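Enquirer: My questions will all concern the structure given below.
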2 protein chains.
Amino acid sequence: MKDVLQQIETGADRHLAELKEFLRIPSVSSNSSHRKDMERCAEWVKGQFEGIGLERSEIIPTAGHPLVYGEWLGASGKPTLLIYGHYDVQPVDPLDLWESGPFEPSIRDGRIYARGSTDDKGQVLIHIKAVEAHLKAHGKLPVNVKFLIEGEEEVGSDNLDAFIAENGERLRADAVVVSDTAMFDRDLPTITYGLRGIVFFQIDLEGPNSDLHSGSFGGAVANPGGVLARILAAMKDDNGRVTIPGFYDDVAPLSDREREIYRSLPFDEDRYKKELGVEALSGEEGFSTLERVWARPTFEINGLLSGFTGEGAKTVLPARAMAKVSMRLVPDQDPDQIATLFEQHLRALCPPTVQLRLTRMQGGKPCLVPIEHPAVQAGARALEKGFGRAPVFIREGGSIPVVATFSDLLKIPTVLLGFGLPNENAHAPNEHLDLSNFRRGIVSVAHFYDELSRTSL
Amino acid sequence: MKDVLQQIETGADRHLAELKEFLRIPSVSSNSSHRKDMERCAEWVKGQFEGIGLERSEIIPTAGHPLVYGEWLGASGKPTLLIYGHYDVQPVDPLDLWESGPFEPSIRDGRIYARGSTDDKGQVLIHIKAVEAHLKAHGKLPVNVKFLIEGEEEVGSDNLDAFIAENGERLRADAVVVSDTAMFDRDLPTITYGLRGIVFFQIDLEGPNSDLHSGSFGGAVANPGGVLARILAAMKDDNGRVTIPGFYDDVAPLSDREREIYRSLPFDEDRYKKELGVEALSGEEGFSTLERVWARPTFEINGLLSGFTGEGAKTVLPARAMAKVSMRLVPDQDPDQIATLFEQHLRALCPPTVQLRLTRMQGGKPCLVPIEHPAVQAGARALEKGFGRAPVFIREGGSIPVVATFSDLLKIPTVLLGFGLPNENAHAPNEHLDLSNFRRGIVSVAHFYDELSRTSL
């Protein structure tokens, strides 16, 4: 590993320059106006694969944004590792809250600020640079690798499941590694053993066929904004529990052991509140903050729009109201089942005064990966070498639906080695990545490939 | 009156051309980017006053948009009539729902489509053209008139009350006439004897200091959009009654006589629903539709905004949520008192998980004008001459706060002679004015000045 680490050391400036190149491409998958940027970004990733010396690299078109596939299979008799990541990023609005342009990478205080820096371009590049270091040092890798980098993670990976289902042989591997999660805290290497799932909907309510004068009609015609507020408010009770009948039926209860692990983590609720800028936290009664975000399902409002929202006053009774809502799911909730329960509850709550249109937008299963699996343990040893201390095992409240797909379709476990930090503003303005974690990440995953080569899977 | 009516007849094409000119000026008072248009519109009104031969016309600057004042005081010993109207208009969004440009007047099916056509430029021009017809026919008017046309009606008339308070002598009159209301139905001339008041607020809730990833934080951090939905939903009970403590304390109950009058009006609830495009109406239990919009107070949502509202899905936990809300008030509710009760209730409902910022944006008192007043009766006779049938007496759900001001400060009654129709989309896309009512309006108010000259006030 000495030569590999030397390669990582001497390549540091170049790695950073390449990260900036990657981040400059506005690969926003949710907005059709960025289609060309998505193609450019896929080409950029393929160019990296070619540049570092993979044996094969390919852009694979889908019905949506393309996948980028790369492989190096020269480690005969050694395990095969599937490396998954995504090159697409979240939308950037509200744009006015960014201190530097979301696609103009800017380094301040040892962090690089740009959309996609921590989620997930920076973490994808960690793997590319670690593979490159091995190849530069020894002309070969300690394990076989297959890269699968998609462009639709932020919009529900609509075309990925079908691709995986149809390419089981090509993607055959002994384990998957995904770097798209966060460390529990600064300098605390972390393996994430659980993820929440998600179902996402847009609710559109249509009332009168035109915006109305709120004086002439107010009081007699249902206000779609008001109806929406009542429906959304009714989705949770006063104890923060979701009211959808059957919602909690399949929720796996937290074990005493897990609750103990969470309690032992260095979680400072006062610091958490201070960093978020809130006076008080809130959530489901009977659960701690970590339990709430890791192991309990939620109902969240992601967007609201109705009526007049500009400067000043406008006495309008809006014709329409829209909400984007999502539910985070935990094992063993099933997204399709929850979607059905939600729709039934929503339709039951919706009065005849408005027309309801419901659009399901994305979904993904929750999952747990066993801590004891030898690939996970190889990851733990690698992180200890990369960071100088043993990792902690946590869950994550976010969703990486493909992890459940790998488990379901390829029957292999996923190791979640994450190098982000919890407050790096993924999905929000001023997203950034700590550059020391970028460097230690490359070292850690280089070690991971090495550890895995001595692991029986 | 024969010569006057002849003048109105021969001037018809010119009146219409002038109406189009007036409507082409985008005098949106709520948006500071239209300041120049507001000035241009005030100049246009002053130009009319000069053109028709008023003795004096003047643009009066205020802290906001200017007033336009004009007078003709040559009818010695006759009553003096104050003619109030407004040249400002509502904002135009959603722009994509307009079938022709909001400031490109378009005539279709005997109606003129443009923002401000019915509210209130068309109705202001009715008075200007009626005065012009008298002056052209006889070189004099049967009564003294004072025009007061303001530019801030749609944003709460912030500077009008102070002007009236400070100019009691200049504005001294025996009655006010306002044409800014609607007829009960096509071909049914109408005098409005009651108006609702209003208080309008913007509610801003701030949660975390940045938009958050709804997976990583959802369940532990209060969602400002969710908090807003709960607060707004709590403002009304299941019977459609506003829950603000004390809200109904000063509401004057409807008399049996009024309920009878309303029941006798040709109101077709099925047609009303069909025109609005709604399956069902909704409102406060125990009251009919007309009672709800005319004589009962409301709580309405005028705008909602939070989180991501663009195309696609974004799994964000929003940092902020905003609502614009207003309450329509009825006699004898006091806007200041209701504003205080609302703020107390809102603060009691708002949890410590978010910061509340409340901005009061406009307000106005409700009022009733006695049907028996001789000026109102002169109006009734004039409408009968203009339309060929006796008018009905109704209330209106909208607010014209200045009517209460005239009563409070000038101690004079206001006659509400309205020539709009209820479904002319005031405050909404495709606002329009029936051109036959524009013409009959000019005839009616020309008769009104004449009737008033023989009335003892």
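We did not get these values from a lab; they are worked out from the coordinates using the rules stated. Not measured: the values here are computed from a predicted model. We place every Cβ from the backbone using ideal geometry, glycine too, and count neighbours over all the protein chains shown.
Enquirer: Please report, for B:Glu58, the nm distances (one decimal) from its label point, 7 Å out from Cα along the beta-carbon direction, to the equivalent points in the remaining copies, shortest first.
Expert: Distances between equivalent label points, in nm: 8.5.
Enquirer: For A:Arg271, place a label point 7 Å from Cα along the Cα-to-Cβ direction in every copy; what are the distances to the other copies, in nm, shortest first?
Expert: Taking the point 7 Å beyond Cα along Cα→Cβ, the inter-copy spacings are 7.1 nm.
Enquirer: Based on the alpha-carbon gyration tensor of the range A:1-130, what equivalent-ellipsoid semi-axes (square roots of 5 times the eigenvalues) come out, in whole Å, largest first? Please report the intermediate quantities before stating the final value.
Expert: Numbers: eigenvalues 144, 86, 23 Å².
Here the semi-axes work out to 27, 21, 11 Å.
Enquirer: Please report Rg over Rh for the range B:360-457, where both radii come from the alpha carbon positions and Rh follows the Kirkwood definition.
Expert: Here the Rg-to-Rh quotient is 0.99.
Enquirer: Shortest first, in nm, what separates the label point of B:Ser32 from those of the same position in the other copies (7 Å along Cα→Cβ)?
Expert: 3.7
Enquirer: Peptide B:397-403: average number of partner chain Cβ atoms within 10 Å per residue?
Expert: Mean partner shielding for this stretch: 3.
Enquirer: About the Cα centre of the range B:245-305, what is the dipole size in debye to 20, counting +1 per Lys and Arg Cβ and -1 per Asp and Glu Cβ, all else neutral?
Expert: The calculation lands at about 160 debye.
Enquirer: Cα convex hull of the range A:315-376: mean projected area in nm², to one decimal?
Expert: Averaged projected area of the range A:315-376's Cα convex hull equals 6.8 nm².
Enquirer: Compute the helix-to-body angle for A:335-349: its Cα long axis versus the longest principal axis of chain A, expressed 0 to 90° and rounded to tens.
Expert: 10 degrees
Enquirer: With a sphere of radius 9 Å drawn around the Cβ of A:Ala426, what net charge do the other residues whose Cβ falls strictly inside it have (Lys, Arg +1; Asp, Glu -1)?
Expert: So the surrounding residues net to -4.
Enquirer: Treating only the Cα positions of the range A:154-206 as identical point scatterers, give the base-10 log of I(q)/I(0) from the Debye formula at each q in 0.29 Å⁻¹.
Expert: Each listed q maps to, in turn, -1.21.
Enquirer: Separate question: Taking each residue of A:416-429 in turn, how many C-beta atoms of other protein chains fall within 10 Å of its C-beta, and what is the average?
Expert: The per-residue average across the peptide is 3.
Enquirer: Also: Scan chain B and report its longest stretch carrying no trypsin sites (Lys or Arg not before Pro) that are both in a DSSP loop and have at most 14 other Cβ atoms within 10 Å.
Expert: It works out to B:187-388.
Enquirer: Kindly provide the Kirkwood hydrodynamic radius of the protein assembly as shown in Å, to one decimal, from all pairs of distinct alpha carbon atoms.
Expert: 30.8 Å
Enquirer: Compute the distance from the alpha-carbon center of the range A:96-174 to that of the range A:298-376, in whole Å.
Expert: Computed from Cα coordinates, the inter-centre distance equals 28 Å.
Enquirer: While we're on this one: In debye, nearest 20: dipole of the protein assembly as shown around its Cα centre with unit charges on the Cβ of K, R (+) and D, E (-)?
Expert: 400 debye
Enquirer: Relative contact order of the range B:211-304: what whole-number percent is it, with Cα pairs under 8 angstrom and at least 6 residues apart? Spell out each step's value before the answer.
Expert: On the way: 31 pairs, mean separation 29.3, N = 94.
Reported as a whole number, the value is 31 percent.
Enquirer: After finding the eigenvalues of the alpha carbon gyration tensor for chain B, what semi-axes result from the square roots of 5 times each, listed largest first in whole Å?
Expert: In descending order, the three semi-axes are 40, 24, 21 Å.
Enquirer: Taking 22 Å as the cut-off for C-alpha to C-alpha distance, list the pairs among A:Lys46/A:Lys121; B:Lys78/B:Lys121; A:Lys20/A:Lys46 that go past it.
Expert: Over 22 Å apart, Cα to Cα: B:Lys78/B:Lys121.
Enquirer: Hey, can you grab everything whose amide H is under 5 Å from the amide H of A:Ile394? Only 5+ residues off in sequence or another chain; H modelled, so Pro and N-termini drop out.
Expert: The answer is A:Ile191, A:Thr192, A:Tyr193.
Enquirer: Moving on to the next point. Summing +1 for each Lys or Arg and -1 for each Asp or Glu, what net charge is found among the other residues whose Cβ lies under 14 Å from the Cβ of A:Glu50?
Expert: -4
Enquirer: Further, regarding this structure: Under a crude label model (7 Å from the Cα following the beta-carbon direction), how far is A:Lys140 from A:Asn209 in nanometres?
Expert: Result: 7.6 nm between the two label points.
Enquirer: Continuing with the same structure: Under 5 Å between amide hydrogens, which residues at least 5 positions from A:Gly197 or on another chain qualify, with H placed 1.01 Å from N in the peptide plane?
Expert: So A:Gly197 has HN proximity to A:Leu329, A:Val330, A:Cys367.
Enquirer: On to the next question. Once the Cα atoms of helix A:12-24 and of chain A are each reduced to a long axis, what angle between those two axes, in degrees from 0 to 90 to the nearest 10, is obtained?
Expert: 30 degrees
Enquirer: When Lys and Arg each count +1 and Asp and Glu each count -1, what net charge do the other residues less than 9 Å away from A:Arg320, Cβ to Cβ, add up to?
Expert: Numbers: positive: none; negative: A:Asp204, A:Glu206, A:Asp211.
Overall, the nearby charge balance is -3.
Enquirer: With point charges of +1 on the Cβ of Lys and Arg and -1 on the Cβ of Asp and Glu, referenced to the Cα centre of the range B:336-394, which listed residue (B:Ala348, B:Ala390, B:Pro366) lies farthest in the positive direction of the dipole?
Expert: The listed residue farthest towards the positive side: B:Ala390.
Enquirer: Give me the dipole magnitude in Debye, nearest 20, for the range A:33-134 about the Cα centre, with unit charges on the beta carbon: positive for Lys and Arg, negative for Asp and Glu.
Expert: 240 debye
Enquirer: Counting pairwise Cα distances across the range B:162-298, what percent come out greater than 22 angstrom?
Expert: Details: 5894 of 9316 pairs.
Of all Cα-Cα pairs in the range B:162-298, 63 percent lie more than 22 Å apart.
Enquirer: Write down the percent of antiparallel bridges among all DSSP beta bridges whose residues are both part of chain A, to the nearest 5.
Expert: 70 percent
Enquirer: Could I ask something else about it? Counting alpha carbon pairs within less than 8 Å and at least 6 residues apart, what relative contact order, in whole percent, applies to the range B:283-353?
Expert: Result for the range B:283-353 is 29 percent.
Enquirer: Compute the longest continuous run of chain A that contains no exposed GluC sites (Glu not before Pro); treat a site as exposed when its DSSP state is not H, G, I, E or B and it has at most 16 other Cβ atoms within 10 Å.
Expert: Of all site-free stretches, the longest is A:170-278.
Enquirer: Ignore the peptide's own chain and count Cβ atoms of other chains within 10 Å of each Cβ in B:288-301; give me the average, rounded. Don't skip to the answer; put the middle values down first.
Expert: Details: counts 1, 4, 1, 2, 5, 7, 3, 1, 3, 2, 9, 4, 14, 15.
Counting Cβ atoms of other protein chains within 10 Å of each residue's Cβ and averaging gives 5.
Enquirer: Next question, about the same structure. Give the distance, in whole Å, between the Cα centre of the range A:197-274 and the Cα centre of the range B:213-271.
Expert: 20 Å
Enquirer: Just from its helices, what would the mean residue ellipticity at 222 nm be for the protein assembly as shown, if runs of 4 or more DSSP H residues each count -39500 (n - 2.57) and the sum is divided by every residue, rounded to the nearest 500 deg cm²/dmol?
Expert: That calculation yields -10500 deg cm²/dmol at 222 nm.
Enquirer: May I pose another question? Expressed as a whole number of Å, what is the distance separating the alpha-carbon centroids of the range A:40-85 and the range B:395-416?
Expert: 75 Å
Enquirer: For chain B, with the dipole built from +1 on Lys and Arg beta-carbon atoms and -1 on Asp and Glu ones, taken about the Cα centre, which of B:Asn159, B:Leu435, B:His86 lies farthest toward the positive end?
Expert: With unit charges placed on the Cβ atoms, the residue in question is B:Leu435.
Enquirer: Also, I was wondering about something else. Against the longest principal axis of chain A, how steep is helix A:224-233, in degrees 0 to 90 to the nearest 10, with axes from Cα atoms?
Expert: The helix A:224-233 is inclined about 60 degrees to chain A.
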